[in-house]
Amino acid sequence: MSKKIKQTSKNKRFYRMQATTKNTAEIYIYDQVVTAGWEWGAEQSAVTFQEDLARLGDEVETIHLHINSPGGAVFEGITIANLLKAHDAKVIAYIDGLAASIASVIAVCADEVIMGEGTFFMIHHPWLFTWGDANALRKDADMLDKVSSQMQALYLAKTGEKCSSERLVEMLDEETWLTATEALELGFVDSIVETSQVAASVNDIAFARFKNIPEALKQSGEPKAEPLQPKATPADSSKNLLKAKIKIMKEGT
């Protein structure tokens, strides 16, 4: 019997997490990564993510991480990435629609990254809303430089020799949107799988801060995605996974 972390309309979260078998689990990050209380009074944070991850138990050997997110709160995202990186289970990330901004950092911290055809991977430097005098702004700028350096280290740990640090900085400077083929060539992902449709679309509010959105994504409506199908393993049958996916998508968050 699957073990689902209880989530109600009063504690809506940007992720859904469920153990699908004794040894496997699925996590869906299908919204903006936010901090608790940041919007809608929601109970959304890396803290709740860690608590739910711990509730999955010690017997989980494989985590299937599905991503369709425009990014969000940088420190929350980095914390989630490190939690998954430190987990004993093998984490397989599936980019079902879009992995943008901090969501792309979460993706590359998985042990394996699979990207669907027609999906996108976007990287840029971190930014923030701030105010204050010149000294305060300089302090914030220095902090952003440090965060960017941390993000670069995580990207380069994934890409290896396929992407130099100089090339990475150029892409971060330009806010670079990569197709699945481009992301594979640069080492951000490990493989590409076929999908039945282009899985992501752009929400005007969520993407207002981005400047280089590809034409293929300039559609109205919420981001949508069709979950990529994990490969079956002895302890993780495709039949059970399909049933679990259908249940999750029906229940929603």
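Determine which member of the set 146, 162 is closer than 13 Å to residue 183 by Cα and loosely packed, with under 15 Cβ neighbours inside 10 Å.
The match here is 162.
Residue 45 meets all of the listed conditions (1) without any contact (Cβ under 8 Å) to a residue 40 or more places away in the chain; (2) closer than 25 Å to residue 213 by Cβ but one, namely (2). Condition (residue is touching a strand residue (DSSP E or B) at 6+ places or on another chain (Cβ under 9 Å) and without any contact (Cβ under 8 Å) to a residue 24 or more places away in the chain) applied to the stretch 106-116: is it met by at least one residue? Yes, there is a match, as at least one residue in the stretch 106-116 is touching a strand residue (DSSP E or B) at 6+ places or on another chain (Cβ under 9 Å) and without any contact (Cβ under 8 Å) to a residue 24 or more places away in the chain.
Is one or more of the residues making up the stretch 149-164 closer than 20 Å to residue 78 by Cα, at pLDDT 95 or above and either among the hydroxyl-bearing types (Ser, Thr, Tyr) or assigned to a strand (DSSP E or B) (or both)? Checked against the condition, which is being closer than 20 Å to residue 78 by Cα, at pLDDT 95 or above and either among the hydroxyl-bearing types (Ser, Thr, Tyr) or assigned to a strand (DSSP E or B) (or both), the stretch 149-164 yields at least one hit.
Filtered by the rule that a residue be buried (at least 17 other Cβ atoms within 10 Å of the Cβ) and of a type in the set (A, V, I, L, M), the stretch 165-192 gives 168, 171, 172, 178, 180, 183, 184, 186, 189, 192.
Among all residues of the stretch 199-222, there is none that is modelled with pLDDT of 90 or more, in contact with a Gly (Cβ under 6 Å, 6 or more places away or on another chain), buried (at least 16 other Cβ atoms within 10 Å of the Cβ) and not hydroxyl-bearing (Ser, Thr, Tyr).
Return yes when residue 103 is part of a helix (DSSP H, G or I), touching a strand residue (DSSP E or B) at 6+ places or on another chain (Cβ under 7 Å) and either hydrophobic (A, V, I, L, M, F, W, C) or modelled with pLDDT of 95 or more (or both) and no when it is not. Break it down into steps so the answer makes sense when it comes.
Numbers: part of a helix (DSSP H, G or I): yes; touching a strand residue (DSSP E or B) at 6+ places or on another chain (Cβ under 7 Å): yes; either hydrophobic (A, V, I, L, M, F, W, C) or modelled with pLDDT of 95 or more (or both): yes.
Criteria met by residue 103.
Pairs are defined by a Cβ separation below 8 Å, a sequence spacing of at least 6 or placement on different chains, a first member in the stretch 138-157 that is free of Cβ contacts under 8 Å to residues at least 40 places away in the same chain, and a second member that is part of a helix (DSSP H, G or I) and of a type in the set (Ser, Thr, Tyr); the pairs so defined are 152/165; 156/165.
Note on the stretch 16-26: residues that are closer than 20 Å to residue 102 by Cβ and surrounded by fewer than 23 Cβ atoms within 10 Å (Cβ to Cβ) amount to 1.
For the stretch 120-135, filtering for residues that are under 20 Å from residue 154 (Cβ atoms) and part of a loop (DSSP other than H, G, I, E, B) leaves 5. Look at (1) part of a helix (DSSP H, G or I); (2) surrounded by fewer than 19 Cβ atoms within 10 Å (Cβ to Cβ) and you find that residue 84 fails only one, number (2).
The values are calculated or read from the model by the stated rules, or taken from the named source; none is laboratory data. Just so it is clear, the model here is predicted, and its values are computed rather than measured. Glycine also receives a Cβ, built like all others from the backbone with ideal geometry; neighbour counts cover every protein chain displayed.
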